[in-house]
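The values are calculated or read from the model by the stated rules, or taken from the named source; none is laboratory data. Please read all numbers here as calculations on a predicted model, not as lab measurements. Backbone-built Cβ (ideal geometry, glycine too); neighbour counts: all protein chains shown.
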Amino acid sequence: MAKTRPGVSAPKLKAGKKDLHSYTIRGTNKIVRVGDCVLMRPSDIGNPPYVARVEKIESDNRNNVKVRVRWYYRPEESLGGRRQFHGAKELFLSDHHDVQSAQTVEGKCIVHSFKNYTKLENVGAEDYYWRFEYKAATGAFTPDRVAVYCKCEMPYNPDDLMVQCEGCKDWYHPACVGMTIEEAKMLEHFVCFECSEDDFKQFQNGFHASPVSDAKVESKRHKR
Ligand SMILES: [Zn+2]
Ligand SMILES: [Zn+2]
């Protein structure tokens, strides 16, 4: 399977190797510690930097510092490619480990959990998130299923504005319900087409004749 990363074969055990607690990025005062996420120089200049989690830092007897990393993949580097629900700052935590010269470390970044990322008030250049683990050899994701929203049944892309229906509590893309983003931002209340239809039917029938699944939705609707 073609790897998208420069592979460096695992170094043989040599005398004089020692573990380091930290590494200072050359020309900066930024300190990298085990567990930190880093940006690494890509093999093609012009590509975005690689993102990795540092698992080990060690130096040999000639003071060459190496970092053992676990790669994060960008959606476009994955076998399935970027999909519509992948956010601009989305990364996949891969099972692909590597050893690289510490000199390829260009900077630091933060890879948040999806939940924490969606709570950020401001997303900085160094903020990323992950929600899927990724098997580099097969392209498989864990979890292989996530919650989907809207009529288009897509997982949540935090870059896209969504509006919540006050009836079913589902979230909708403005475009999927025939609104512009500007219109959606102006809305004070939103009820999706299905929910407004339901209300109309109940009004006509004068009683609840909904199937069980709808009844559940109903009870949710009246909860305060
Ligand atoms: Zn949609
Ligand atoms: Zn609804």
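Being under 17 Å from the mean Cα position of the chain (by Cα), buried (at least 17 other Cβ atoms within 10 Å of the Cβ) and modelled with pLDDT of 95 or more is the requirement here; does Y172 meet it? Steps first, please.
Working: under 17 Å from the mean Cα position of the chain (by Cα): no; buried (at least 17 other Cβ atoms within 10 Å of the Cβ): yes; modelled with pLDDT of 95 or more: yes.
No, not satisfied.
Specify the residue that is farthest from Y72 (Cα to Cα); the eligible residues are those in segment 127-152 that are acidic (D, E) and in contact with a Leu (Cβ under 8 Å, 6 or more places away or on another chain). Walk me through how you get there before you give the answer.
As a first pass, look at segment 127-152 and keep what is acidic (D, E): 127, 133, 144.
Next, only the ones that are in contact with a Leu (Cβ under 8 Å, 6 or more places away or on another chain) stay: 127, 133.
Numbers: D127: 13, E133: 9 Å.
Here the answer is D127.
Answer yes or no: is there a residue in segment 72-85 that is outside any loop (DSSP other than H, G, I, E, B), buried (at least 19 other Cβ atoms within 10 Å of the Cβ) and in contact with a helix residue (DSSP H, G or I) (Cβ under 9 Å, 6 or more places away or on another chain).
no
Please go through segment 122-141 and give me each residue that is basic (K, R) and either over 18 Å from P158 (Cα atoms) or over 12 Å from the mean Cα position of the chain (by Cα) (or both), ordered by number.
Start the filter on segment 122-141 by keeping residues that are basic (K, R), which leaves 131, 135.
Result: K135, single match.
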